[in-house]
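The structure under discussion appears below in the form of structure tokens.
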């Protein structure tokens, strides 16, 4: 075991720091210190409870800190911190307060002395700390070999109590046990057999119907042509999904001078199936007025809301009597024209008449004003939605069940 002799360093450092010049040799100083220590050791034998109480203030054989020892295993950090905290507010007057005075000083009243590595204190002590034995020649062996000597002790005065624990590691020795069967040698055992069981369950078959998006352009079977005036006719044809209906005769000058009112009818079985119904053409000479179910839809050739044929006086005699009359055709309340327009009109139209139709019977009325010779006919175009194309399939929810 190495026993360094560095315990003299604090004393030497104090001497260096105080600036005192050594008056004796190192050997003499050591001998004086050893003499003082020997005298103190002899004095300690005379200190006991009887005379220490009179010589040492506050001496007691049962100090309050005695219970903190705890066989050397007690953690004293908590007690120390508690004592330190308590001293910050303790009364330090008198001898009893010196303990807290010292603790408070060490806590926050101790002065700090910053020292650099080249401080004179360190420079003066470098020789001693480098080789203590050479510096203290004559102490111990005094051979000046330097360093520490190795000392072997055979009976050290240190004792320690070590604690150890020993235990048996346990493991889960359980095992899963299934069905426990007790066997009786006198019993004739048979295997357990579970016979098939019939369970009644409900299942359903579902019909799914899928229809394609409805389109139009099919034959207008929902429109049935009805009555017509004797000198008029219905002509029906189909082209590109359209049903063409012509009322009247497309010709020239088959009527003489006059006003011709004609009425025709047709039936619609289901108006929702009709996608289109419009007047797209008119042929007439000289004037034409068309109504659908009493609603005026066309007045030609100048528009308006009526066709009224009137004979108006064109001149008076001296007595105020009409000398002759001139015919006029009024197409508004204030606008009129000559009956003879000298034109066979061929009009391309686009008049939607579906809003004026109804399910069941419908009436189409025409008035033609002819001066000289003339004619009239109209053409209508209708389309009808096609019947939906649907397919059905069964979803069998009973698949997998035995009958």
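In what order do 95, 105, 284 fall by count of nearby beta-carbon atoms within 10 Å, going from fewest to most?
95, 105, 284
Taking one quarter of the surface of the C-alpha convex hull of segment 55-102 gives a mean projected area of 4.3 nm². Based on the Kirkwood approach, the hydrodynamic radius assigned to segment 248-316 is 15.2 Å, with every pair of different Cα atoms included. Using only the alpha-carbon atoms of segment 328-403 as identical scatterers, what base-10 log of I(q)/I(0) does the Debye formula give at q = 0.23 Å⁻¹? Log10 I(q)/I(0), no solvent term: -1.26. Take the Cα radius of gyration of segment 253-403 and divide it by 2.2 N^0.38 Å, N being the number of residues; the result is 1.73. Remark: 331, 254, 69 ranked as 69, 254, 331, counting other beta-carbon atoms within 10 Å and listing the fewest first. Return the distance in nm (one decimal) between the two label points of a simple spin-label model at residue 235 and residue 392, each offset 7 Å from Cα along Cα→Cβ. It works out to 4.5 nm between the two label points.
Between residue 324 and residue 261, the modelled label-to-label distance comes to 3.0 nm, taking each label 7 Å out from Cα in the direction of the beta carbon.
Rule-based calculations on the coordinates, nothing more; no lab input. This one's a predicted model, so the numbers in the text were calculated from it and none came from an experiment. Neighbour counts run over all protein chains shown; Cβ positions are idealised from the backbone, glycine included.
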